[in-house]
1. Got a sec to turn the phi values of the range A:23-36 into Karplus ³J(HN,Hα) couplings, 6.51 cos²θ - 1.76 cosθ + 1.60 with θ = phi - 60°, whole Hz, x for Gly and Pro?
2. Work out the mean other chain Cβ neighbour count within 10 Å for the residues of A:29-42 and drop it here as an integer.
3. Could you work out the mean count of beta carbons from other protein chains within 10 Å of each residue's beta carbon in B:35-47?
4. Mean separation of Cα pairs under 8 Å and 6+ residues apart, divided by the residue count of chain B: what relative contact order is that in percent?
5. How do A:Phe62, A:Phe30 line up, fewest other C-beta atoms within 10 Å first?
6. Tell me, what HN-Hα J-couplings in whole Hz come from the Karplus equation 6.51 cos²θ - 1.76 cosθ + 1.60 at θ = phi - 60° for each residue of the range A:100-109, using x for Gly and Pro?
7. Using amide H atoms built in the peptide plane, which far-off residues or other-chain residues are under 5 Å from A:Ala86 H to H?
8. Would the range A:26-95 count as rounded, prolate or oblate if I go by the C-alpha gyration tensor, calling it rounded below 1.5 in a/c and otherwise prolate when a/b exceeds b/c, oblate otherwise?
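What follows draws every value from the coordinates through simple rules; no lab data is involved. A quick note: this is a predicted structure, and the numbers were derived from the prediction, not measured. In this analysis, Cβ positions are derived from the backbone assuming ideal geometry, glycine residues included, and neighbour counts consider all displayed protein chains.
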Amino acid sequence: DQQVKQNSPSLSVQEGRISILNCDYTNSMFDYFLWYKKYPAEGPTFLISISSIKDKNEDGRFTVFLNKSAKHLSLHIVPSQPGDSAVYFCAASGGAQKLVFGQGTRLTINP
Amino acid sequence: GAGVSQSPSNKVTEKGKDVELRCDPISGHTALYWYRQSLGQGLEFLIYFQGNSAPDKSGLPSDRFSAERTGGSVSTLTIQRTQQEDSAVYLCASSTYGANVLTFGAGSRLTVL
């Protein structure tokens, strides 16, 4: 039972353009959502998060949007830079603190 | 320590052998998690320790897997009678109590031949 889904295994974007990564969830008890970024041979690092009481959170080039009615969140990166090339994981939690992760989306930024 | 430390970084073993993976969390972090990432898959929850509470073992895939956390700090994940499907990167993470943001280690890559 995949409670958090990232349906795009990969995404390729030109440098300077906007990258949009998507994530869907099924558990209505989730109340906190996070995005992690992972480079090869490193552990995932926290990028940005959003609470279910908000619908948008912005941090520099990164913005996360939450649509609770659609059980959907997205991560926007603008402008995209070569250093943004990594695997991005969406994660969700609901009270029990145990983070449930999606399968990840590999983002490649082309010069 | 400054970050979450895991050892070994790489482990190659033969099918049927036992392996131990170690995690040293950030000092002061009361919560410790084990996840694994199999090839092409997402992060799969294995087990969660919070202070002195009973661990949440709901993610352990079989009784060949066990974990302990001694003194509320270092944790060891043990896999007995390893199988090829156990090959994965095993990731440890820690956090302060009640925090949603986890800090991950670099992982231990296990290859079972």
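1. Each residue's phi maps through the Karplus curve to give 8, 10, 9, 10, 8, 6, 7, 5, 10, 8, 10, 9, 10, 10 Hz.
2. Rounded to a whole number, the mean comes out at 2.
3. 4
4. 38
5. The fewest-first ordering by Cβ neighbours comes to A:Phe62, A:Phe30.
6. In residue order, the calculated couplings are 10, 9, x, 7, x, 10, 7, 9, 10, 9 Hz.
7. Close amide H contacts, sequence-distant or interchain: A:Leu107.
8. It comes out oblate by the Cα gyration axes.
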